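The values are calculated or read from the model by the stated rules, or taken from the named source; none is laboratory data. Since this is a predicted model, take the numbers as computed values, not measurements. Cβ: placed from backbone, ideal geometry, glycine included. Neighbour counts: every protein chain shown. With ligands, DNA and RNA removed, areas are computed over all heavy atoms of the protein, side chains included. Shrake-Rupley method; radii C 1.70, N 1.55, O 1.52, S 1.80 Å.
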Amino acid sequence: MNFQEFVDGMGAMTCVVSVEKIKGGRYGDIRIVTGNKSYIESIEKPFSGAEMLTKKFVPNQLYTEYLTRDINFEEYCYQAAVHNKCLHSYAHPDRANVWFNMIFLPVSYKEENIHYCTYTMEINYEASSKRLSNVSGEVASFVLESYLKLRNQKDFTNSMSEVMYDFREMCSADYCGVVTRDQYEDKWSLLAENMSDRMLEVKKDGVMGDDFYELVKSWEQTIAGSNCLIAKNESDMLVIKERNPEWYESLTYSNVKSIVLFPLKNRDNDLLGYMWVINIDPDRALEIKELLELTTDVLASEINNYLLLKRLKTLSSRDMLTGVMNRNEMNNDVERILMESEQKSKSVGVIFTDLNGLKRINDRRGHVAGDKVLVKAAKILNEVVKEDAIYRVGGDEFVVILPGADEEKINKLIEGIRSRNNDYDDVTFAIGGCVAKDMKDINKALSIADEHMYNDKRQFYKERAHIL
């Protein structure tokens, strides 16, 4: 067959791809047989942002000579060439700053175990809403339903968990989850997940422990410039083994047979997190890819808003130096406790602390040294209290408020704080505590704890008057 004459008759950028069919429903080499003038120019005179690994086109060369191995591209070529499917994809791979509108069509001609398809592409610098919305009614309905769930409920994380359940059911999978990244502190956290009973047992076995988030950091490299990673069978999983042996080992230990991984990005292309689905139906891999390509855009938009609001709340409620909550948040929580006291009666424990000698450190060593002492003090309180109940209410004053705490617990915490003083030469707390039997007396408890703290401070300076 004269492939050159065939593609020269195509107006859009088009090439012929050969796929080597091997036993077991797998494929071997995938080559770019030839291309029309506009396709060859896309390699030798590429669009800005769409450059390939080489600028020299050589007929019948492995496609990996032009771009990093992409198992999504391979799957489309295989399905079109071997299984005679007409396929379409509209994607924005990380390796390029453009959108690709791609069509894969089967060619009836074949040579023994070599099958052929055409690959036609159109390059867009901006996403086309018309292309993105060109999906099945079932997918469109699912995306709209997910969007409404996330928008109409107040608890975003619960809503996201419901959406993860819907995704898992839609994909006939064992697991579906989303992790997000705090780009300001470069910390990762699990936003939502849903799993089958089998996967629940696997998770209980500790395969998603503390080192899991270190593996998450390696996912970008594993995706290798594509817009997603779909490993639907043993052959595809070997690609993960080659790129990320540690993650592959973890997946194998968890009996993961297939996985879909999509990065979540905002409009500025900042990485917000990942969505991943475990143990999908391999025969529905392309259908699931289409579903996730559209829905992850919607999810990324909603997650971006959620993370932005969360960041704004942090800025308004947290002390930026020490990371504990600020006075404004303490006042809000005190008001909340007073409102709760009208409905139920329980105790509230309070600890007031003040750093001894901070002014002397600031005067003698400067405010940078003083700030370091404040950070150490907050670290001590966090390590001892182990609850998000610490507030920086002044320059060197911290308060702990614990609804439901009794005197035994408050005294134990005070002892723990004093004990941790010994680990730092420049951190010494003056401490006072109080427990109110009823939350409605929280302001009185704060006043008494403050008074006890000042008595402790006076005693500290009295005992050290001869050396200060």
Requested in this report: Please specify each residue of the stretch 417-447 satisfying the condition of being open to solvent by 70 Å² or more (accessible area, probe 1.4 Å), over 30 Å from residue 364 (Cβ atoms) and in contact (Cβ under 8 Å) with a residue 12 or more places away in the chain.
Outcome: 437, 440, 443
Query raised in the report: Does residue 344 fit the bill of being touching a helix residue (DSSP H, G or I) at 6+ places or on another chain (Cβ under 9 Å) and of a type in the set (Lys, Arg)?
Result: yes
Query - Among (1) touching a residue at least 60 places away in the same chain (Cβ under 8 Å); (2) under 22 Å from residue 314 (Cα atoms); (3) assigned to a strand (DSSP E or B), the one test that residue 388 misses - result: (3)
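Specify the residue that is nearest to residue 417 (Cα to Cα); the eligible residues are those in the stretch 334-373 that are charged (D, E, K, R), assigned to a helix (DSSP H, G or I) and open to solvent by 70 Å² or more (accessible area, probe 1.4 Å). Can you show your working first?
Going through the stretch 334-373, the residues charged (D, E, K, R) turn out to be 335-336, 340, 342, 344, 346, 354, 359-360, 363-365, 371-372.
Keeping just the survivors that are assigned to a helix (DSSP H, G or I) gives 335-336, 340, 359-360, 363-365, 371-372.
Of the ones still in play, those that are also open to solvent by 70 Å² or more (accessible area, probe 1.4 Å) are 335-336, 359-360, 363-365, 372.
Details: 335: 27, 336: 27, 359: 21, 360: 22, 363: 25, 364: 26, 365: 25, 372: 18 Å.
Within the stretch 334-373, the match that is nearest to residue 417 (Cα to Cα) is 372.
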Query raised in the report: Residues 41, 65: which one is open to solvent by 20 Å² or more (accessible area, probe 1.4 Å) and under 34 Å from the mean Cα position of the chain (by Cα)?
Result: 65
Query raised in the report: Within the stretch 391-410, how many residues turn out to be under 20 Å from residue 439 (Cβ atoms) and either part of a loop (DSSP other than H, G, I, E, B) or open to solvent by less than 80 Å² (accessible area, probe 1.4 Å) (or both)?
Result: 11
Report summary line: Result of the Cβ filter at 6 Å on the stretch 332-361, keeping first residues that are modelled with pLDDT of 90 or more and partners that are among the polar types (S, T, N, Q), at least 6 apart or interchain, is 356/428
Query raised in the report: Does at least one position in the stretch 143-157 carry a residue that is outside any strand (DSSP E or B), of a type in the set (Gly, Ala, Ser) and exposed (fewer than 15 other Cβ atoms within 10 Å of the Cβ)?
Result: no
Report summary line: Over the stretch 274-292, the set of residues out of contact with any Cys (no Cβ under 8 Å at 6 or more places or on another chain) and either within 19 Å of residue 198 (Cβ to Cβ) or of a type in the set (A, V, I, L, M) (or both) is 279, 282, 285, 286
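Listed here are the residues, each with its yes/no results for (1) among the hydrophobic types (A, V, I, L, M, F, W, C); (2) closer than 15 Å to residue 75 by Cα; (3) open to solvent by less than 10 Å² (accessible area, probe 1.4 Å).
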residue	(1), (2), (3)
1	yes, no, no
5	no, no, no
17	yes, yes, yes
22	yes, yes, no
25	no, yes, no
33	yes, no, no
36	no, no, yes
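Residues are listed down the side, and each one gets a yes or a no for (1) of a type in the set (Phe, Trp, Tyr); (2) open to solvent by less than 50 Å² (accessible area, probe 1.4 Å); (3) modelled with pLDDT of 85 or more:
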residue	(1), (2), (3)
266	no, yes, yes
276	yes, yes, yes
279	no, yes, yes
293	no, yes, no
299	no, yes, yes
Report summary line: Checking 401, 414 in turn, the sole residue that is in contact with a strand residue (DSSP E or B) (Cβ under 9 Å, 6 or more places away or on another chain), aliphatic (A, V, I, L, M) and within 23 Å of residue 335 (Cβ to Cβ) turns out to be 401
**Report entry** Selected residue (only one of 440, 444 is in a helix (DSSP H, G or I), touching a helix residue (DSSP H, G or I) at 6+ places or on another chain (Cβ under 7 Å) and not acidic (Asp, Glu))
**Finding:** 440
Query - Conditions (1) surrounded by fewer than 20 Cβ atoms within 10 Å (Cβ to Cβ); (2) of a type outside the set (Lys, Arg); (3) closer than 18 Å to residue 289 by Cα; (4) in contact with a Phe, Trp or Tyr (Cβ under 9 Å, 6 or more places away or on another chain): number failed by residue 94 - result: (4)
